[in-house]
Structures are given as C-alpha cells and as structure tokens.
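Just below is one structure, and these are the notes that go with it.
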Amino acid sequence: MGKARLGVQFGPLKLKNPILTMSGTFGFGQELGEYYDLSVLGGIIVKAVTAKPRIGNPPPRIAETAGGILNAIGIQNPGVDAAIAEELPPLQGLRKEGTLVIGSVSGHSFEDYNITTKKLSDSGLVDAIELNISCPNLKGGGLTFGTDPATVKKVVAGVRPLCDVPLIVKLSPNVTDIVEIARSAGAGGADMLSLINTLTGMAIDAVTRRPILGNVTGGLSGPAVKPVALRMVHEVSQAVDLPILGIGGVISGVDVVEYLLAGATAVGVGTANILDPLAAPRIVGELEEFLLREKIESVEELIGGLLLP
C-alpha cells in the first residue's frame, strides 16, 4: 500500500487534509508560521474579528484546569479593517499552495455581524467565513446569539446574502438541544457547521476566595471537553445534512479519527496549539500513520463510520 489519501471535500471546500487550526488559538498564523510550514495544514481559521477593534477582557484571562484551560480573552482583535489591510495579505501564499485561509467573524449585534462578514467576504482574502455566534447580543438583552434557535436563524440569514464565500456557523454547546440549534443554522443558510465552541466554566482561588479569571467565567477547552464534543458532533451528524467541522480536545491523530467516525468531515486543532506549537503538523502525520497502519486507503472512508450497537 502506498501513501494514504488525506484529502476531503468539506462542503464546497476541498481540503488537502482534514486538519484545520482553530480561531483564537492560532492568531493570524504568522507566529506559528515561524515554527513550521503552514502549508502542511488543510487550512487555518484566523483570529475572530469584529466591526471595530476590541481590547478584550481584563486580566487574568487564562487559567489552567484539569484536562484543559479556561480562557476569557474577550475577542481582543484589531478590527476587520486592520485585519484586511495588515494581517490577511501575508497569508495569501498559503492559498496558492492549497491551504485554505478561513476568516472568523464575531459581534455583539446583528449589524456588527453583517458589516464584518460583508467586508471580509468582499476582501477576496479568505476562502470561507466562520460565524462565531457564541457572543452576547448587547442590543437584545445580553442573551447569547447562539443559544436561541430563532436568533441563530436570524443572524445567519442576515449575513447569508452578504457572504459570497462558504459560510461555516460555529455552534455553542451551552444549550439544551444542540440539534435544534444546528437545524436553525441550516435554515438560516449555513453551508457547514463547526462544533463545539467552548463550554462555560469558572475557576476559584480557595485562599483569596476570588475568581481566578478577571471576567469571573470563561470558556473551557482542551481534552476535558472531548467526550461532550464527540456526543454533540454525532447527534448533529445524524439529524442535519450539513458537513461538520468537529472541535474539542484534539491532541492526537487518533482523536481526529474519533471525530471523523462520529460524523465530522474536518477536524479542528485548538488548545493543542497553545500546549505545543508543533501540535498541528504532528497530528497530520499521526493521522496518516493511523491510516497506513490500519490499511485504510482514504480518510474519507472513516467519515460517519461509527459502528453502533
């Protein structure tokens, strides 16, 4: 048997391998590009941007916890205009080598999402846009966009006609029924789904009796969340006919295989990038080693291949 085929068709996007690096853990790529050739990746999802620059939450912003980290960065970013002018142009060489560059959009109002999505789409600098809807709607009483089915449909439907590239909607796990939210995103016009975003958590200093994070609560990511993420990816894949980017606690090639079996088409590497700058290329290599060891010719054979009792 020769070299295993790693390429996948992720909705309208063709990936050279199913490994994407996740927004929030990868900056705009240039930093980790000093450690390895980013063209070995299927794609990178850059730092989420907003309509205006954001300074983020007060420190401390990160706390270690069992099996993961809590973060409360607060979407610190230079704003969409600066990202288009300064951060995205240096990544265009990757696109010529078949590694996709995917933008990420965040916001605190419907108008924010619409403005930022249109600017990113019109820039011609990204192959797709991920819509991060795990943010509070400051004009709607503070309810997080991604936790209410009607709001999910509204925000996705609002950006859809403004977006000329494939649209990935990133789902929050902090809901009662992830399938209902996924269906709402699909009804709004999502091309693909990514799940899960971080779980809400907190950490406390027992001596000072104070929260460790300056924001009190934060998003839990890392291996601790993988069982929850796998369950949600499986549930959504069984109920919604949209390609899925599986995210949550991926630190090895075997983790990738598990997500593919659960129903994901592509898999995101997030917190592992913080733990080990070389995690993503290592995981690509481990995935290929698994396929060769198990005599699997193509990674696409694994997608949705879970054998249920």
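What follows draws every value from the coordinates through simple rules; no lab data is involved. Since this is a predicted model, take the numbers as computed values, not measurements. Note that we place each Cβ from the backbone using ideal geometry, even for glycine, and neighbour counts take in every protein chain shown.
Overview of values
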{"read-out": "Helical mean residue ellipticity (222 nm; -39500 (n - 2.57) per DSSP H run of 4+; nearest 500) of the chain", "value": "-8000 deg cm²/dmol"}
{"read-out": "Whole-Å semi-axes of the ellipsoid equivalent to the stretch 174-309 (Cα gyration tensor, √5λ, descending)", "value": "28, 21, 12"}
{"read-out": "Net charge over other residues, Cβ less than 15 angstrom from the Cβ of His234 (K, R count +1; D, E count -1)", "value": "-3"}
{"read-out": "Among Leu278, Asn215, Phe26 the positive-end extreme of the charge dipole of the stretch 8-302 (Cβ point charges)", "value": "Asn215"}
{"read-out": "Under 14 Å, Cβ to Cβ, from Ile247 - net charge with Lys/Arg +1 and Asp/Glu -1", "value": "0"}
{"read-out": "Charge-dipole axis of the chain as Lys and Arg at +1 and Asp and Glu at -1 on Cβ define it, positive-most pick from Ser123, Val101, Tyr113", "value": "Tyr113"}
{"read-out": "DSSP H segments from the chain that extend 18 Å or more along their own axis, Cα-based, with Kyte-Doolittle mean of -1.0 or above", "value": "226-239, 279-293"}
{"read-out": "Contact order normalised by residue count of the stretch 98-207, Cα under 8 Å, 6+ apart, percent", "value": "24"}
{"read-out": "Relative contact order (%) - the stretch 8-302, alpha-carbon pairs under 8 angstrom, separation at least six", "value": "19"}
{"read-out": "Binned Cα-Cα distances of the chain, short to long, each 10 Å bin given as a whole percent", "value": "6, 29, 38, 22, 5, 0"}
{"read-out": "Inter-label distance for Glu111 and Asp177, nm, one decimal - labels placed 7 Å from Cα along Cα-to-Cβ", "value": "3.4"}
{"read-out": "Proximal charge balance of Gly43 [Cβ under 15 Å; K/R count +1, D/E count -1]", "value": "+1"}
{"read-out": "Projected area averaged over orientations for the stretch 178-229, convex hull of C-alpha atoms, nm²", "value": "5.2"}
{"read-out": "Beta bridges per DSSP with both ends in the stretch 8-302, % antiparallel, nearest 5", "value": "40"}
